[in-house]
Amino acid sequence: MRRIGILTGGGDAPGLNAVIRAAVKTAYNEYRCEVVGIEDGYDGLIADGRARVLAQADIRGILPRGGTILGTANRGNPFARKVIKDGQEVVEDVSHLVGEGFERLGLDGLIVIGGDGTLRIAHELFTRFKLPIVGVPKTIDNDLGGTDVTFGFDTALHIATEAFDRLHTTAESHHRVMVLELMGRDAGFIPLHAGVAGGADVILIPEMPFDIEVMCKAIKQRAAFGSKFSLVAVSEGARAKGGEQVFSRPGDAVYVPRLGGIGYKVGAMIEKCTSIETRVTVLGHLQRGGGPSPFDRWLGTRFGAGAVHLAASGGWGRMVGLRGQRIEDVAIADAIAVPKRVDPNGEPVRTAKGLGISFG
């Protein structure tokens with residue numbers, strides 16, 4: 001193994017630069033192997049001139065930095081790419097160009113850092129074109145199988161918890177209900193963990209459709225017992241029983257629908273049902289921006305080094321992951337087969353309910 005590529009795809013997450021840094025250092029120090037940084041996800045393999053050898057100087061000082069020095073293409077799917085033909089926008093499969101880029105750069109292997117979508121593309125490239133690929137799991141949502149936790153989640157959790165701490169004081173001062181809409185797509189890990197850590201009174205997650213009457217009853221009971229304020233954690237993917245998720249943008253042949261807006265809907269429901277003044281905060285991309293937490297730096301570093309070792313051993317089509325205290329590997333196909341979700345009957349939810357937290 002003399003030259004290996006590395007790319008970052010999908011939404012950014014704190015800790016991406018830690019993975020890149022560790023991969024470059026490990027490849028050079030242990031294998032005397034060059035690492036080629038590919039810009040803007042799979043797009044960098046398709047377009048010429050979008051890759052460069054990463055020297056030690058390129059990774060100096062990036063450990064505490066958020067984002068990714070390589071850039072990322074959130075919707076860069078080579079199997080479904082929007083192009084203009086004869087003045088019309090059409091969707092084409094240009095995946096064969098990825099293999100051509102792979103050959104053009106003279107790569108012996110490729111490290112793909114990404115979430116569910118990016119790793120599904122990696123698996124398809126591996127199975128269809130036999131490209132030597134290893135995966136690194138990345139998502140603030142913590143919804144990937146094959147690993148106990150993904151880097152980026154801990155940082156997002158810290159930001160969300162701090163938001164609850166700040167909302168708590170103003171909610172108490174003004175006797176209001178404060179609704180905080182959080183990311184996570186179809187997984188409720190961020191609202192659940194941050195809600196418990198931040199003292200939320202109601203937590204609404206996708207895995208447990210809520211009843212507005214049950215939620216409002218819990219808020220009214222708090223008021224009756226002297227607690228004239230409440231904190232509500234709402235996952236962007238939450239929905240009422242018998243209702244649908246709320247989207248801020250519809251999807252199409254390339255783009256998935258964008259979740260968003262459920263927080264304002266829940267806030268309006270609460271104010272109408274309880275007559276308590278309700279305010280809504282959408283934390284949005286603040287959860288995924290900024291420098292990574294120490295844990296995410298530590299985990300990203302271990303993943304980066306582990307990915308290089310996996311590539312050196314020929315573990316193509318596999319992904320590194322954290323199992324207990326060990327970095328192990330699993331087939332990418334197995335990691336993406338069943339998305340990880342909050343167990344409505346699991347110990348974390350039971351713990352929250354035991355604290356008096358309502359799930360609607």
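The values are calculated or read from the model by the stated rules, or taken from the named source; none is laboratory data. Please read these numbers as outputs of a predicted model, since none were measured by experiment. Quick reminder, even Gly has a Cβ in these numbers, built from the backbone with ideal geometry, and neighbours come from all protein chains shown.
Looking at Asp93, is it among the charged types (D, E, K, R), within 22 Å of Phe129 (Cβ to Cβ) and either at pLDDT 95 or above or surrounded by fewer than 13 Cβ atoms within 10 Å (Cβ to Cβ) (or both)?
Values: among the charged types (D, E, K, R): yes; within 22 Å of Phe129 (Cβ to Cβ): yes; either at pLDDT 95 or above or surrounded by fewer than 13 Cβ atoms within 10 Å (Cβ to Cβ) (or both): yes.
Answer is yes for this residue.
Restricting to the range 23-40, name every residue that is under 18 Å from Lys138 (Cβ atoms) and more than 20 Å from the chain's Cα centre (by Cα).
Ala23, Val24, Thr26, Val35, Gly37, Ile38
Pull out all pairs, ordered by first then second residue, where Cβ-Cβ is under 6 Å, the residues are six or more apart or on different chains, the first lies in the range 305-322 and is surrounded by fewer than 24 Cβ atoms within 10 Å (Cβ to Cβ), and the second is part of a helix (DSSP H, G or I).
The qualifying pairs are Ala305/Ala22; Ala305/Thr26; Ala312/Tyr31; Gly317/Phe126; Gly317/Ile332.
In this structure, is Gly237 crowded, with 16+ Cβ neighbours inside 10 Å, touching a strand residue (DSSP E or B) at 6+ places or on another chain (Cβ under 8 Å), more than 26 Å from Gly354 (Cβ to Cβ) and among the small types (Gly, Ala, Ser)?
No; evaluated as a whole, the condition is false for this residue.
Could you check how many residues of the range 96-140 are modelled with pLDDT of 95 or more, under 24 Å from the mean Cα position of the chain (by Cα) and of a type in the set (D, E, K, R)?
Of the residues in that region, 3 qualify.
Here is a yes/no grid of residues against (1) closer than 27 Å to Leu125 by Cβ; (2) assigned by TED's automatic domain parsing to the domain that holds Thr72:
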| residue | (1), (2) |
| --- | --- |
| Arg258 | yes, no |
| Lys265 | no, no |
| Ala268 | no, no |
| Gly306 | yes, yes |
| Arg326 | no, yes |
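Filtering the range 129-176 down to residues that are more than 21 Å from Gly117 (Cβ to Cβ), in contact (Cβ under 8 Å) with a residue 60 or more places away in the chain and among the small types (Gly, Ala, Ser), which residue is surrounded by the most Cβ atoms within 10 Å (Cβ to Cβ)?
Ala160
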